Each structure stands twice: as C-alpha cells, then as structure tokens.
Amino acid sequence: MGPSVTGGRPAWQSAPPGVPLRRFLRDGWATVTGPGFAAAHPERIEEMAASIARRPTPRFALLDQARAIAAWSGAERLRRLAIPTTVVHGSDDPLIPVRNGMRIAQLVSGARYVELPSVGHLVPYEAPEDVERVIRGF
C-alpha cells in the first residue's frame with residue numbers, strides 16, 4: 001500500500017489539518033534560530049520555508065539522514081583528514097551542541113573553529129555576511 005496523501009502531498013510532508021504548509025515550516029524553523037532572529041528577520045525564515053515548500057526533501061532522504069546520524073561512529077576517522085578545514089557553528093544552536101563543532105575542529109588536523117555569537121542552527125540564513133567572511137578568509 002502506498003503512502004497516504006493529504007492535499008496532493010504524502011502525509012509526512014503535510015502540516016497539521018488547518019495549518020498552511022508554509023506557516024508550519026516557518027514556525028518550525030523559527031524555533032531553531034538564535035535568540036530574537038526569527039522575529040527580527042521574518043523574511044529570511046519565509047525564504048527558507050518557501051524554498052522547502054517548493055521542493056520538499058524526499059522521505060527516503062530524511063530516513064537516510066536519520067539512519068546515518070544514529071549509526072555514525074567515525075569520529076576518529078576525522079583525524080586522517082589532511083585538508084584545510086573550517087568548522088562554523090552558531091553559539092545558540094539548539095539542535096547540535098557547540099561542543100560537537102568544537103570536537104570536529106579538534107579531530108581534523110589543523111582545522112579552524114569559528115563560533116558565531118547569538119546564531120542558532122540556520123547559520124547561512126542567520127549570518128550570511130559572517131559566513132561569506134569566513135569563506136573569503138579561508
């Protein structure tokens with residue numbers, strides 16, 4: 001039996017009944033930003049929600065990502081990397097602890113760690129100018 005469909009979309013890509021998909025996405029992503037970012041920059045959250053609504057991530061990709069996260073145990077392999085590396089992390093990321101970003105930078109030989117203050121999980125949306133500076137300085 002195929003996946004259930006709601007409003008032309010598989011059920012797992014749909015918002016709760018009565019909630020428009022873009023609002024659902026916007027409200028959800030706003031919860032993982034740094035303090036006050038979503039209120040100060042609703043246009044950036046809306047841009048992201050619109051992009052996701054236009055091209056939702058396929059279910060298999062979400063499941064593959066979840067499996068990879070759950071099964072990953074390769075931290076020590078990072079020591080074998082011999083490439084210029086910069087790890088950029090938001091100081092207020094509610095999904096990925098700062099210590100994870102720091103640990104990656106410690107494991108990759110010669111890596112640089114850049115922590116962006118008051119930035120949450122959506123680093124390129126929250127701090128595009130800072131990300132550009134980091135890339136240009138690399």
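The values are calculated or read from the model by the stated rules, or taken from the named source; none is laboratory data. This one's a predicted model, so the numbers in the text were calculated from it and none came from an experiment. All Cβ positions, glycine included, derive from the backbone under ideal geometry; neighbour counts span all protein chains shown.
Couple of notes before you dig in:
- Residue 26 under 22 Å from residue 108 (Cα atoms) and either at pLDDT 85 or above or surrounded by 17 or more Cβ atoms within 10 Å (Cβ to Cβ) (or both): no
- Test: residue in the stretch 84-91 that is modelled with pLDDT under 95 and over 18 Å from residue 135 (Cα atoms): no
- The stretch 29-45, residues that are assigned to a helix (DSSP H, G or I) and either free of Cβ contacts under 8 Å to residues at least 40 places away in the same chain or surrounded by fewer than 21 Cβ atoms within 10 Å (Cβ to Cβ) (or both): 29, 30, 38, 39, 40, 42, 43, 44
- Some residue of the stretch 105-114 being touching a residue at least 12 places away in the same chain (Cβ under 8 Å) and in a helix (DSSP H, G or I): yes
- Cβ-Cβ distances below 7 Å connect the following pairs, each with a first residue in the stretch 56-84 that is in a loop (DSSP other than H, G, I, E, B), a second residue that is among the aromatic types (Phe, Trp, Tyr), and a separation of six or more residues or different chains: 84/138.
- Residue within the stretch 88-102 that is part of a helix (DSSP H, G or I) and buried (at least 17 other Cβ atoms within 10 Å of the Cβ) present: yes
- Residue, surrounded by the fewest Cβ atoms within 10 Å (Cβ to Cβ), within the stretch 115-138, restricted to residues that are in contact with a strand residue (DSSP E or B) (Cβ under 9 Å, 6 or more places away or on another chain) and touching a residue at least 60 places away in the same chain (Cβ under 8 Å): 118
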